[in-house]
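Structure, as structure tokens:
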Amino acid sequence: MLTRRAVQVASIRRLSTSSTLLNQKPPPSSPKEKKNYTKDDIKYGPLSQAQQAYLDRVIRVDQAGELGANYIYKGQYLILANKYPHLKPVLKHMWEQEIHHHNTFNNLQTQRRVRPSILTPLWKLGALGMGMGTALISKEAAMACTVAVETVIGGHYNQQLRVLTNQYGVKLEDKVTGEAIDKSDVSKTLQASDELQGLKNQISQFRDDELEHLDTAIEHDAKKAVPYILLTEGIKLICRGAIWTAERV
Ligand SMILES: [Fe+2]
Ligand SMILES: [Fe+2]
């Protein structure tokens with residue numbers, strides 16, 4: 001038989017349980033379900049005028065740069081290919097890659113209707129002269145020219161990739177609902193439209209090719225060129241000047 005004390009304790013426990021239940025907060029509503037977006041689900045907001053203008057500049061200067069590289073390697077090939085048969089496939093491989101880079105930017109220029117640099121004839125002549133001139137000095141001087149050119153172009157492409165990654169944020173919307181998409185809900189690659197991502201992929205592939213050319217030139221005695229520092233620093237200066245100019249005119 002229950003004692004009075006036991007009945008009191010049991011009733012206090014019942015009371016305390018029911019008050020705990022009353023004080024309990026309702027469970028938080030479940031977090032909004034994350035959608036696994038693909039490119040097809042996203043509507044990309046327009047680029048600003050400044051972003052459009054920079055994109056045009058990128059295409060203009062890169063087209064001029066690749067045209068220059070195409071003509072530099074052409075000049076080297078014309079002078080060195082028959083004189084040094086072991087260099088022929090090396091030079092041809094690099095030249096063919098430059099032709100591909102050049103054609104790619106020619107196509108982008110047509111697609112986006114970007115006007116070419118008005119100094120195109122000068123870039124052709126200057127680049128051919130630089131390629132042939134260094135090759136006439138020596139095969140090592142030609143390779144030193146490659147080191148200088150590819151160092152500048154590699155850095156230039158990296159700089160463009162930084163801008164295209166950090167300064168090309170646009171509004172993202174769900175194509176179906178029209179709701180704004182929080183950028184933290186989508187990966188970096190999905191934050192850029194196909195056009196922008198395609199250009200970035202192209203530039204990073206070309207940057208890798210240029211750095212491979214640089215390594216090839218070092219392997220083929222670029223540093224034995226005399227005078228190496230004067231030659232490479234002089235050519236770097238010319239390349240930087242050409243880039244600055246081709247971006248603007
Ligand atoms: Fe190139
Ligand atoms: Fe190159």
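None of the figures in this text is laboratory data; all of them are computed from the coordinates on show. It should be emphasised that the depicted structure is a prediction, and the values quoted were computed from it without experimental measurement. All Cβ positions, glycine included, derive from the backbone under ideal geometry; neighbour counts span all protein chains shown.
Numbers at a glance
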{"item": "Under-5 Å amide H pairs with Ile42, H placed in peptide plane, nonlocal only", "result": "Lys175"}
{"item": "Farthest positive-ward along the chain dipole, Cα basis, beta-carbon charges - from Ala50, Leu237, Leu91", "result": "Ala50"}
{"item": "Quotient of Cα Rg and 2.2 N^0.38 Å for segment 168-249, N being how many residues it contains", "result": "1.78"}
{"item": "Computed P(r) (all Cα pairs; segment 94-221; 10 Å bins; percent)", "result": "10, 31, 30, 17, 8, 3, 0"}
{"item": "Count, lysine Cα pairs under 24 Å in segment 93-249, 8 or more residues apart or across chains", "result": "15"}
{"item": "Long-range tail of P(r) for the chain (Cα pairs > 34 Å, %)", "result": "40 percent"}
{"item": "Label-point gap, in nm, between Leu136 and Lys124 - each point 7 angstrom along Cα→Cβ", "result": "2.0 nm"}
{"item": "Convex hull (Cα only) mean projected area of segment 129-193, reported in nm² to one decimal", "result": "6.6 nm²"}
